[in-house]
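**Q** One structure is given below, represented as structure tokens, and several questions about it will come after.
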Amino acid sequence: MSIDIGGMRKPYLDQSATFDTTDLVAQEPWGQFQAWFDQAKACSAIEEANAMCLATASKSGVPSARMVLLKAFGPEGFVFYTNYESRKAKDLSENPQAALTFYWEPLKRSIRVEGSVAKVSEATSTEYFRTRPLGSQIGAAVSHQSRVIAGRQELENREAQLKAEFGDGSKVLDKPEAWGGFLVTPVSMEFWQGQSTRLHDRIRFRRPAPDEKPDPSITHIGTDGWVYERLAP
Ligand SMILES: Cc1cc2nc3c(=O)[nH]c(=O)nc-3n(C[C@H](O)[C@H](O)[C@H](O)COP(=O)(O)O)c2cc1C
């Protein structure tokens, strides 16, 4: 029998100002992302402002989603690191498209991103790997991510071996070949601000189609080749 949670809803506190296209900090999405990300980072109720849900799909269109951590962002896109033999990496090798969703509950904000995906350079992955704490480096080296394993023990044995070998810092643990970054280059970025009235704000930036003539009564021309518009909640 299913458990009915249909009545599970909390009133949103009336703390968010209406967010209009005229309130944007920039006419392109990166300035807006930076402003919201900085506020999420500064919010003590948010543990990991850089946690985001990454959705991929296989060649045959089967979707899968999981959380990853954002490690860099800028006009070229969003970077996360993972194992290149994992399910997400297999999906991305067959179908290099992804969607990302951030949700910052205390701020009642969400950002949705869609775009194409490519691996970052081996040099960038190596450089980033070297900055990780040894425990994280060992974790990446130990785990053949997303493979079926017999039990925890094999992970712990391998971790203990690597700790014994590299724990005193006299030797450098090289980046595993199958570990590295992906760059998601957005074609759309949507900023969602929850409102107590449930008439939530949604402002979407997107790359227009090459032959598109945006309707100026609803779609605004931004900078750097972006257009932006309001979506119904
Ligand atoms: C908050 C959070 C952050 C995570 N960050 C990462 C990450 O940056 N990279 C990663 O490979 N997995 C990360 N994981 C684990 C993934 O969600 C997932 O279990 C793993 O990557 C395997 O996914 P896949 O089988 O779909 O490839 C994170 C999990 C959580 C809950």
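The values are calculated or read from the model by the stated rules, or taken from the named source; none is laboratory data. Predicted, not measured: the structure shown is a model, and the values here were computed from it. Methodologically, a virtual Cβ is constructed for each residue, glycine included, from the backbone with ideal geometry; neighbour enumeration extends over all protein chains shown. These accessible areas exclude ligands, DNA and RNA; they are computed on the full protein's heavy atoms, side chains included. Shrake-Rupley method; radii C 1.70, N 1.55, O 1.52, S 1.80 Å.
**Q** Specify the residue with the greatest mean-square fluctuation among MET67, MET189, MET52, computed from a Gaussian network of the chain linking alpha-carbon atoms under 10 Å apart.
**A** Residue with maximal mean-square fluctuation among MET67, MET189, MET52: MET67.
**Q** Between 0 and 90 degrees, rounded to the nearest ten: what's the tilt of helix 152-166 against the longest Cα principal axis of the chain?
**A** In the chain, helix 152-166 runs at an angle near 70 degrees to the longest axis.
**Q** Please report the carbon-and-sulfur percent of the accessible area for the chain; probe 1.4 Å, protein heavy atoms only, DNA, RNA and ligands left out.
**A** Using a 1.4 Å probe with all protein chains present, the chain comes out at 53 percent carbon and sulfur.
**Q** Give me the accessible area per residue for segment 133-233, probe 1.4 Å, as a whole number in Å².
**A** Value for segment 133-233: 60 Å² per residue.
**Q** As I understand it, the value is the acute angle between the Cα axis of helix 122-131 and the longest principal axis of the Cα atoms of the chain; what does it come to in degrees, rounded to 10?
**A** For helix 122-131, the angle is close to 80 degrees.
**Q** When the helix-only estimate is applied to the chain (DSSP H runs of n ≥ 4, each -39,500 (n - 2.57), divided by the residue count), what is the mean residue ellipticity at 222 nm, nearest 500 deg cm²/dmol?
**A** -7500 deg cm²/dmol
**Q** When we measure straight from the Cα of LYS119, which lysines land under 16 angstrom away, once same-chain ones fewer than 8 places off are left out?
**A** Output for LYS119: LYS71, LYS88, LYS90, LYS175.
**Q** For a quick check, take a GNM of the chain with Cα springs below 10 Å and name the residue from VAL113, VAL62, VAL79 with the largest mean-square fluctuation.
**A** In this elastic network of the chain, the residue with the biggest mean-square fluctuation among VAL113, VAL62, VAL79 is VAL62.
**Q** For segment 1-100, report the accessible area per residue in Å² (1.4 Å probe, heavy atoms, rounded to an integer).
**A** Per residue, segment 1-100 has 60 Å² of solvent-accessible surface.
**Q** Could I ask something else about it? Report the relative contact order of the chain, percent, no decimals, based on alpha-carbon pairs under 8 angstrom and at least 6 residues apart.
**A** Computed value for the chain: 23 percent relative contact order.
**Q** I'd like the trypsin sites (Lys or Arg not before Pro) in segment 44-86 restricted to DSSP loop residues with at most 11 other Cβ atoms within 10 Å, sorted by number.
**A** LYS59
**Q** A further question on this structure: Can you work out the Karplus-derived ³J(HN,Hα) for every residue in segment 202-213? Use 6.51 cos²θ - 1.76 cosθ + 1.60 with θ = phi - 60°, whole Hz, and x for glycine or proline.
**A** Once θ is set to phi - 60°, the couplings for segment 202-213 become 9, 10, 10, 9, 8, 7, x, 5, x, 9, 6, 10 Hz.
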